[in-house]
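These notes are about the structure you will find just below.
The values are calculated or read from the model by the stated rules, or taken from the named source; none is laboratory data. Keep in mind that what you see is a predicted model, and the values were worked out from it rather than measured. Ideal geometry is used to build each Cβ from the backbone, glycine not excepted, and the neighbour counts take in all protein chains shown.
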Protein chains: 2
Amino acid sequence: MGLLVVGSLGLDDVSTPFHKIENALGGAATYISIAASYFSAPIYLVGVVGEDFPKEYIHLLESKYIDIEGLQIIKGGSTFRWAGKYHYDLNIRDTLLTELNVFKDFNPIVPEKYQKASFVCLGNIDPVLQMRVLDQMVAPKCVVCDTMNYWIEGQRNELIKLLKKVNILIINDSETRLLANEPNLIKGAKSILEMGPEILIIKKGEHGALLISKDSIFSAPAYPLESIYDPTGAGDTFAGGFIGYLHKTHDLSFDNMKRAVIYGSTMASFCVEQFSTKGLEDIDYLRVNDRYREFLNLSKCDEL
Amino acid sequence: MGLLVVGSLGLDDVSTPFHKIENALGGAATYISIAASYFSAPIYLVGVVGEDFPKEYIHLLESKYIDIEGLQIIKGGSTFRWAGKYHYDLNIRDTLLTELNVFKDFNPIVPEKYQKASFVCLGNIDPVLQMRVLDQMVAPKCVVCDTMNYWIEGQRNELIKLLKKVNILIINDSETRLLANEPNLIKGAKSILEMGPEILIIKKGEHGALLISKDSIFSAPAYPLESIYDPTGAGDTFAGGFIGYLHKTHDLSFDNMKRAVIYGSTMASFCVEQFSTKGLEDIDYLRVNDRYREFLNLSKCDEL
C-alpha cells in the first residue's frame, strides 16, 4: 500500500486576463498529491522547499493527510519559483521566470517507510532524479511518470533508460511526436510503447486525453468548462487523480484505467476553475463523483 | 424526401510529403454528396463546373446515384481550381492557388424537383449564395450549413442573416471563436446558438468533434488512424456522412444526432486514408458500419 509522489513544490506568480496572484502554492508534486488525496491514503511526498515556504501551505498538505516526512526543508534556502502569464486564449502562456533555487541541488531521499509503496508517481523532473527515486524503491506495482520537451531534448538517453522501468507514461501530444520523432500521433504512441511503458496517456488539454496500450485505445473527452480561470497545474492534477484512483482500486486492467483517466480529467476540471490549488481545496468526493458521471455522459452514445 | 447539396466542385492539385496528384476531383459539394450517398437517396446536387470538368468525374457522381440535373456545366468555362501543399505535420497546409473561374459568377438555380427536398446541406460558399438557395426551397425540415473564416470576417452581416434560417451549423474550433468573438469554446458555442441554429457542431480535426445544443453536449472522438495520406475534404465528408445519416433516419433527436456525428467521423476517416475522393469510392455500408462500431468502442467507458 501507499502512493509515493515525487516532484517540485514551488511558489508561483501567475497572471491571466482575469486576475493576478503572487506566491501561490504551485509545483507538480503539490497538484499530484492533493488531487490523489481525494481517492486514497497514505500519500507519501518527496520534494524540497526553502525556509521561505509558507507554513500555511505545509498545513494545507497535512490537512489532506499527505505524509510530508520526505519533504526536505532547506535552512536558509529559497523555494523553487515560477512566473507565467496566460494570454486571452488561455491555451497560450509565456514563462516569465524560472528560479530553481533549492531545487538545483535536490537529491530525492525516500524515507524507509515510503520504500515499500506500491504506487509511484514521478512528477516532471530530471530523469536522473526520477531514476534515483526508483532505485530506492523495493518493488513498486505501478510506476507512473511525467516528463516534458526539455528533458526529451536535453536528457534523451537518461529518459530512455528510465522508461524501461515505467509502467505508465503521461505526456502531451507534442511531446509524443517529439519523443517518437513521428508526426502521426498513433504511430508515435506505438513506438513509445516499444520503449518500455505498457501504457501511454496523451494529454490534449481542452481536447481531452488518449489512453493507449499495445492492443487498445480509449479516447476521453475534456469537460466543457465555461469558466477556466487558471490552467496551471491541470496536467499534474490529471496525473494525481488518475493514479489516486488506481491506487484506491488496485485494479490495473485497461477498463479500470479508462475510469482512472476520467477521474483524472474530473480533478483537472476542478483545478482550472480557480487559481493555484484553490479549486482542489474545497471539493468532496460526492462532487467529484457527480462530475465523473457527467463526464461519462459527455461521450455516451447508444449504437441503436 | 430528398437531400439537396450545394457547394463547390473543383479540380485539386494536392501535394503531401507522401505523394502528389494533379487535376483530382475536389470541392465541398463533391465530398458531401459522395459521403451522403452511402446512407440515403435521392441526393440532389447544385453546383457549377466548366467544360473542362472530366467526364469520368461526372460518371463517378452518377455511379453513386447522385442526381446532377442541378449541376451547371458552363460552355467554354474553366472549373474551379485549388492547389495546396501539406507539411510533414499534416495538420498544417499552405494554399498555393485558388482560381474561382466559373465559380465567380455562380448563381445557384434549384431545379423544381429539388425544391421540396426535406434536407439541405449548404457547403462552404458565400452566404449570399447560400441564402439564395434557401429562398428557392419550399419547406426544408433541416438545413445544415458550413462556412469558414473568410466569410465570417468578410460577409459577417450576410452570414448572421443566414444563420436565422439554419438548423445546424458545422464549423471548426477557431471559426467558433472568431464568429462568437470569444476565446472560451463553450461560451462561444452558446452565443452562436443565440444567433439561430439549434445545433452547433464544432469540428476539431484529429481531436474529434463536439455536438452542442442549448441543453446538451456530446463529445465525439476522432478515429486513431495510423495512415493519413490526404486530409483534403475531411470536413466536407464529415458533413456529408452526418446529414446523410440524418436524412436516412429522419430522426432529429439529440441522441440520433450523436450517431450521425459518429457516422460523419467514420466517413471522414475513410476519406483521409487515400487521395481525393478515392477513399470514399470503394467502401460499402458493411465496412462503414464496422468502423462506426469501432468508433463507439473508442470512447466507451463503464461507470462501474
* Single condition residue B:269 does not satisfy, out of (1) closer than 26 Å to residue B:212 by Cβ; (2) over 18 Å from the mean Cα position of the chain (by Cα) -> (2)
* Structure fact -> Residue pairs qualifying under the 9 Å Cβ cut-off, at least six apart or on distinct chains, with the first in the stretch B:217-229 being more than 20 Å from residue A:223 (Cα to Cα) and the second being of a type in the set (Gly, Ala, Ser) and part of a strand (DSSP E or B), are B:224/A:219
* Might you let me know whether the stretch A:228-235 holds any residue that is part of a helix (DSSP H, G or I) and either within 18 Å of residue A:123 (Cα to Cα) or among the aliphatic types (A, V, I, L, M) (or both)? => yes
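Just checking, does the stretch A:271-286 include any residue being outside any loop (DSSP other than H, G, I, E, B), closer than 17 Å to residue A:202 by Cα and either of a type in the set (Asp, Glu) or without any contact (Cβ under 8 Å) to a residue 24 or more places away in the chain (or both)?
Looking only at the stretch A:271-286, we keep the residues that are outside any loop (DSSP other than H, G, I, E, B), and these are A:271, A:278-281, A:285-286.
Now restrict to residues that are closer than 17 Å to residue A:202 by Cα: none.
Within the stretch A:271-286, not a single residue is outside any loop (DSSP other than H, G, I, E, B), closer than 17 Å to residue A:202 by Cα and either of a type in the set (Asp, Glu) or without any contact (Cβ under 8 Å) to a residue 24 or more places away in the chain (or both).
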* Can you name the condition, by its number, that residue A:59 falls short on among (1) closer than 19 Å to residue A:144 by Cα; (2) modelled with pLDDT of 95 or more? -> (1)
* To do: Could you tell me whether the stretch A:287-298 includes any residue that is closer than 22 Å to residue B:297 by Cβ, in contact with a strand residue (DSSP E or B) (Cβ under 6 Å, 6 or more places away or on another chain) and not in a loop (DSSP other than H, G, I, E, B)?
  => yes
* **Condition check for residue B:48: of a type in the set (Val, Ile, Thr), outside any loop (DSSP other than H, G, I, E, B), surrounded by fewer than 17 Cβ atoms within 10 Å (Cβ to Cβ) and touching a residue at least 12 places away in the same chain (Cβ under 8 Å)** => no
* Assess whether residue A:65 counts as being of a type in the set (Phe, Trp, Tyr), surrounded by fewer than 21 Cβ atoms within 10 Å (Cβ to Cβ) and closer than 20 Å to residue A:178 by Cα. => no
* Would you be able to say whether some residue in the stretch A:190-207 is on the phi < 0 side of the Ramachandran plot, in contact with a Ser or Thr (Cβ under 7 Å, 6 or more places away or on another chain), facing chain B (nearest Cβ under 8 Å) and not in a strand (DSSP E or B)? => no
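For the condition closer than 21 Å to residue A:42 by Cα, in contact with a Phe, Trp or Tyr (Cβ under 9 Å, 6 or more places away or on another chain) and without any contact (Cβ under 8 Å) to a residue 24 or more places away in the chain, what is the one hit in A:260, A:239? Give the steps one after another, and end with the answer.
Numbers: A:239 fails: without any contact (Cβ under 8 Å) to a residue 24 or more places away in the chain.
Within the list A:260, A:239, the selection yields A:260.
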* Looking only at residues in the stretch A:209-251 that are surrounded by fewer than 24 Cβ atoms within 10 Å (Cβ to Cβ) and acidic (Asp, Glu), which one is farthest from the other protein chains (Cβ to nearest Cβ)? -> A:215
* To do: Select from the stretch A:66-83 the residues that are closer than 16 Å to residue A:277 by Cα and either at pLDDT below 95 or among the hydrophobic types (A, V, I, L, M, F, W, C) (or both) and list them in ascending order.
  => A:66, A:82, A:83
* **Residue match in the stretch A:14-21 (condition: under 30 Å from residue A:208 (Cβ atoms), under 20 Å from the mean Cα position of the chain (by Cα), polar (S, T, N, Q) and not in a strand (DSSP E or B))** => no
* Asked: Given B:148, B:131, B:137, which one is over 29 Å from residue B:78 (Cβ atoms), touching a residue at least 12 places away in the same chain (Cβ under 8 Å) and aliphatic (A, V, I, L, M)?
  -> B:137
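Please go through the stretch B:261-304 and give me each residue that is small (Gly, Ala, Ser) and within 10 Å of chain A (Cβ to nearest Cβ), ordered by number. Explain how you work it out, then say what you get.
As a first pass, look at the stretch B:261-304 and keep what is small (Gly, Ala, Ser): B:264-265, B:268-269, B:276, B:279, B:299.
The one that is small (Gly, Ala, Ser) and within 10 Å of chain A (Cβ to nearest Cβ): B:299.
Please pick out the residue among A:214, A:204, A:258, A:248 that is basic (Lys, Arg) and touching a His at 6+ places or on another chain (Cβ under 9 Å). Can you show your working first?
Numbers: A:214 fails: touching a His at 6+ places or on another chain (Cβ under 9 Å); A:258 fails: touching a His at 6+ places or on another chain (Cβ under 9 Å); A:248 fails: touching a His at 6+ places or on another chain (Cβ under 9 Å).
Answer to the selection: A:204.
Just to check your reading of the model, which residue among B:41, B:35, B:24 is assigned to a loop (DSSP other than H, G, I, E, B), within 26 Å of residue B:130 (Cβ to Cβ) and not β-branched (Val, Ile, Thr)? Explain how you work it out, then say what you get.
On the way: B:35 fails: assigned to a loop (DSSP other than H, G, I, E, B); B:24 fails: assigned to a loop (DSSP other than H, G, I, E, B).
From the options B:41, B:35, B:24, the qualifying one is B:41.
How about the stretch B:187-214: which of its residues are acidic (Asp, Glu) and modelled with pLDDT of 95 or more?
Within the stretch B:187-214, B:194, B:198 qualify.
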* **Within the stretch B:58-85, tally of residues that are farther than 30 Å from residue B:40 by Cβ and either outside any loop (DSSP other than H, G, I, E, B) or of a type in the set (Val, Ile, Thr) (or both)** => 4
* Kindly indicate whether any position in the stretch A:84-93 is closer than 20 Å to residue A:276 by Cβ and among the basic types (Lys, Arg). => yes
